[in-house]
Protein chains: 2
Amino acid sequence: MNGAESLVRTMVKGGVDVCFTNPGTSEMHFVAALDKVDGMNCFLCLFEGVASGAADGYARMTGTPASTLLHLGPGLGNAVANLHNAKKANSPMVNIIGEHATYHVEYDAPLTADIEGIAGPVSHWVKTSPDAKSIAADGALAIAAANQPPGQIASLILPANTAWDDADAVADTPAAPGRAKVDEKAVENAVSVLKSGAPTLLMMTGQSLYEYGLNLAGRIASTTGAKLMAQGSNQRLQRGAGIVPLNRVPYPVPQALDVLSPYEHIILIGAKPPIAFFAYPNQPSELHPEGCQIHRLAELDEDMIDALERVADAVGAKEGSAATQEAFKPEMPSGALDPDTIAAVLGNLMPEGAIIADESVTTGRGFYPLTAGAPPHDWLNNMGGSIGLGMPLATGASVACPDRKVICLEGDGSGMYTLQALWTQARYDLDVTTIVFANRAYRILQGELANVGAENPGRKALDMLDLGRPDLDWVKMANGMGVEATKVTDCEGFAKALTAGLASTSPYLIEVVL
Amino acid sequence: MNGAESLVRTMVKGGVDVCFTNPGTSEMHFVAALDKVDGMNCFLCLFEGVASGAADGYARMTGTPASTLLHLGPGLGNAVANLHNAKKANSPMVNIIGEHATYHVEYDAPLTADIEGIAGPVSHWVKTSPDAKSIAADGALAIAAANQPPGQIASLILPANTAWDDADAVADTPAAPGRAKVDEKAVENAVSVLKSGAPTLLMMTGQSLYEYGLNLAGRIASTTGAKLMAQGSNQRLQRGAGIVPLNRVPYPVPQALDVLSPYEHIILIGAKPPIAFFAYPNQPSELHPEGCQIHRLAELDEDMIDALERVADAVGAKEGSAATQEAFKPEMPSGALDPDTIAAVLGNLMPEGAIIADESVTTGRGFYPLTAGAPPHDWLNNMGGSIGLGMPLATGASVACPDRKVICLEGDGSGMYTLQALWTQARYDLDVTTIVFANRAYRILQGELANVGAENPGRKALDMLDLGRPDLDWVKMANGMGVEATKVTDCEGFAKALTAGLASTSPYLIEVVL
């Protein structure tokens, strides 16, 4: 057995049995080892940002890490943006990054780079294996690091000779550790705030946004009068008919200030204090009203569910007392497409168990209300703000949940960063319906130009925010990667296309021309 | 004047008047400043790897830096692979990277990242500006760093408030420094080796590969019996009819060992000692024969031309004595397409002054002989080994030389990393003909799997190297980004399509199905 095989066997044994790959020469022994080891499932990606985004999507839906296989420093570089997003989402992930043979590094060959340096800013754990006999143990350490609550990015660098030299061991990975219980003082403090009757908000994220956590929070809210809100973006939020509903902090600072203005207390459940996505001249970075007190019930890596149970008990929030979402379908609209009519079509047609990979940016800001009463579904956001996550995230979510429909809501500007994901969806016949909102602009930036106080922009500036001239044709691009696609320009066309996409179990793309 | 405007004015005054942009919110004031300052020419890219690769291409053809505009850590991350390539090519470049306002960083907003950490491994110079009044001076420092011979990557990080706060100065950039002359001892040593009559190779790269340097080397060679060879990959190599010809070190290790085996001395002119691109089991990293002595005439940042002139004088190498390439056109082939017939079509049709952006990988290994006698042209290689440079490099070269024809030789696997470059070519109507070699595989890796000794690969491994199922359709993808395209399957079709592409002054793509 060589080092590569000992690593692949260790990974499979440790529960990491999916690999999103974009290999090169230095990873050839790892690729060869895939054949020799049963149980590792590989998905080829034609760009590394697809691999890292897909691993993120997989982790969100399974709670366990997928791996990526990346080619030296530059291959890792291509994965950086979606590793950043995954790190901010605390999605567990194991990156296997090839490196030159240890004795070859000194020659500064073309691909030689500071791999640890590139990995550092986007990883929680980084290690270069020194030799073949260490790889299995290092692989187990990497998996353990990834499994550390709330989930971490582990990057293991694999010099080529550590893959091809002889090894003899398969290492055992320790079981993923449980989450620490929160301190009794934090519970007591939250209970005292909640019992005070002062206007209080529970600001939630992480595992608290799964159905059971939401129900606990809903019971607390209905008993104490507190309100619920989720962070602006979240790793995975369960919602729909029968689930306790909640809104997210809006992206525009004035709106966020407005919705947060009533509260004297904010209790954080895994969440951070609400802050602005960007700073703007003459607007605050902190979004809570002056004088509002911030309390921390549970950190992101702590056992939020246990904490909510303890609080619910202490305030006497009974089972069954939570206000859950009623089922409703918006009426099917007709005529012109705009964010509201798009939301109505979506809300009307969304199937049970859908997974929504949301990178709809400006177009999707208003999608929440009209999809709230759809059958139960999961909603995945971009937590790192680096656009180009949507289609890879959808790809990985579909690999994780082949029996569920994945709907990817994608801006045209955002989609262009990682459009190669469509090919991976085609090769593995993934059940993903992608809706591209073709406003032919970095629309969000047209607003931001004004928000930052850059007045009266001229042609040269506006040209940098405009994706027209020429218009992108998403139908042709999708077809070029083997994905069936159609273009729609009104509600009737969109409803028909979405019906077709949802009925298909193969990838399907709808270009919604706005 | 705000900080952004003071920076843009400093850049234009310092000779950096081209910007390949992919901006976001934190760069909006920089974008707004573009309107207020005459002389800055902006080119929008839909992915940051296109911007960094285009800046590389621009620098290679002008010798001066272009700038990029990138959005925080993840935007920089997307540029990393082609920044790596540009760093290895020592192409001068000024990256302007937006950052959160200085006072906003502490809140760890979604896009917050260790930007300096990401920039470090792919930059020679990194600085974060502390305030608006420092930006102009920092911009001048960045340009000066980029201009430092042989060319450097300078990354200037621009917190948003340093762009919008008041500034008052435009800074002067010092003139680019000249190259240091090489030590007399290095010249004397080279002369003594050359006069010894022992088999000697001049291993060349950098500025020595422009026509005048090649002519000097050719004079030395014809006078002393020394041979000439270029590094395996080079920033820019001038060749064709009337120019002193030379081959490059081959990529496959056995071939490289073979062509280098005759030499007892290798004299380096800007070049590194020849080394293998990758290490392979039981093959050496160093490619020179045992006992061969390596001599350094000039470092990459030194004045190679002056050094060659001094050597030429010392060995009595007269003007006019160099053996230059005779003009020849290969006969136009017919029938099946293979690397040789493709080379013949190319060699037959290449126009004078063509700029070849070569990322043809396996298909193009044999292109050199049949294009050697074409009219004078420039040949640009990938020096960092990270595929995905070809189409961005061609884009930047065309911006630099709008009156010349750029021909991009691109592998299908490589092209997929940065296909968004085609849209930029369409928007700015760039005169680039792209030839995609569609072998529908990472063909190079199919060979490498065997080269590293991974024997009898099975289906799972081979699937990771195969780009079929589904086949990529480059015509549809190019059309989807506004680029005219055609698919060819034989020599006649290729000749007709290439003739059409070369006759057009707009971007044009030919998918060569192999």
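Taken together, the values in this text are just the output of simple stated rules run on the coordinates, not laboratory data. Predicted model only: the values in this text are computed from it and were never measured. Here Cβ is always computed from backbone atoms with ideal geometry, including for glycine, and neighbour counts include all displayed protein chains.
Numbers at a glance
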item: Segments B:427-435, B:67-75, B:405-413, B:316-324 sorted - mean Cβ within 10 Å per residue, highest first; result: B:67-75, B:405-413, B:427-435, B:316-324
item: Under-5 Å amide H pairs with residue B:372, H placed in peptide plane, nonlocal only; result: none
item: Förster radius 51 Å - calculated FRET efficiency between residue B:403 and residue A:286 (Cβ-Cβ, nearest 0.05); result: 0.40
item: Karplus-derived 3J(HN,Hα), 6.51/-1.76/1.60, for each residue of the stretch A:136-144, Hz, glycine and proline x; result: 4, 4, 5, x, 5, 4, 5, 5, 4
item: Modelled label reach - residue B:484, point 7 Å along Cα→Cβ, the stretch B:494-514 residues with backbone N closer than 11 Å; result: B:500-509
item: Neighbourhood net charge (10 Å Cβ-Cβ; Lys/Arg +1, Asp/Glu -1) for residue A:112; result: -3
item: Within 10 Å of each Cβ in A:32-44, the average number of Cβ atoms from other chains; result: 4
item: Point-to-point label distance, residue B:352-residue B:222, nm (Cα→Cβ direction, 7 Å offset); result: 2.2 nm
item: Residues residue A:38 and residue A:365, FRET efficiency given R0 of 41 Å [Cβ-Cβ distance, rounded to 0.05]; result: 0.35
item: Under the Karplus curve 6.51 cos²θ - 1.76 cosθ + 1.60, θ = phi - 60°, whole-Hz ³J(HN,Hα) for the stretch B:166-171, x wherever Gly or Pro sits; result: 5, 9, 9, 10, 10, 9
item: Taking A:452, B:80 and counting other C-beta atoms within 10 Å, the order from fewest to most; result: A:452, B:80
item: Average other protein chain Cβ within 10 Å of Cβ, residues B:114-120; result: 4
item: Greater than 19 Å apart at Cα, pairs in B:88/B:272; A:227/A:318; B:87/B:405; B:88/B:185; A:13/A:133; B:227/B:318; result: B:87/B:405; B:88/B:185
item: Spatial separation of Cα centroids for the stretch B:162-221 and the stretch B:269-285, in angstrom; result: 23 Å
item: At R0 = 25 Å, FRET efficiency that the Cβ-Cβ distance of residue A:505 and residue A:324 yields, to 0.05; result: 0.25
item: Distance between modelled label sites at residue B:313 and residue A:258, nm, 7 Å Cα→Cβ extension; result: 7.8 nm
item: Residue A:511 long-range amide H proximity, modeled H, under 5 Å; result: A:436, A:486, A:487, A:488
item: For B:93, A:350, order by how many other beta-carbon atoms lie within 10 Å, fewest first; result: A:350, B:93
item: Helix-only CD estimate at 222 nm, as mean residue ellipticity for chain A, using -39500 (n - 2.57) per DSSP H run (n ≥ 4); result: -11000 deg cm²/dmol
item: For residue A:353, inter-copy label distances in nm, listed shortest first [label point 7 Å out on the Cα-Cβ vector]; result: 6.4
item: 7 Å along Cα→Cβ, label-point gaps from residue B:198 to other copies, nm, shortest first; result: 8.6
item: Protection proxy ranking, peptides A:285-293, B:143-151, average beta carbon neighbours within 10 Å, highest first; result: B:143-151, A:285-293
item: Prolate/oblate/rounded label for chain B (Cα gyration tensor, a/c 1.5); result: oblate
item: Fraction of beta bridges assigned by DSSP in chain A that are antiparallel (%, nearest 5); result: 10 percent
item: Test item: A:280-291 mean partner chain Cβ contacts at 10 Å; result: 2
item: Rounded Å value of the spacing that divides the Cα centres of the stretch B:398-465 and the stretch A:345-423; result: 30 Å
item: Using θ = phi - 60° and Karplus 6.51 cos²θ - 1.76 cosθ + 1.60, couplings along the stretch A:207-220 (whole Hz; Gly, Pro as x); result: 5, 5, 8, 7, 3, 5, x, 4, 5, 4, 5, x, 5, 4
item: Taking B:25, A:102, A:224 and counting other C-beta atoms within 10 Å, the order from fewest to most; result: A:102, A:224, B:25
item: Cα gyration tensor shape of the protein assembly as shown, rounded if a/c is under 1.5, else prolate or oblate by comparing a/b with b/c; result: prolate
item: Contour minus Cα-Cα distance for residue B:189 and residue B:211 (0.36 nm per residue); result: 5.5 nm
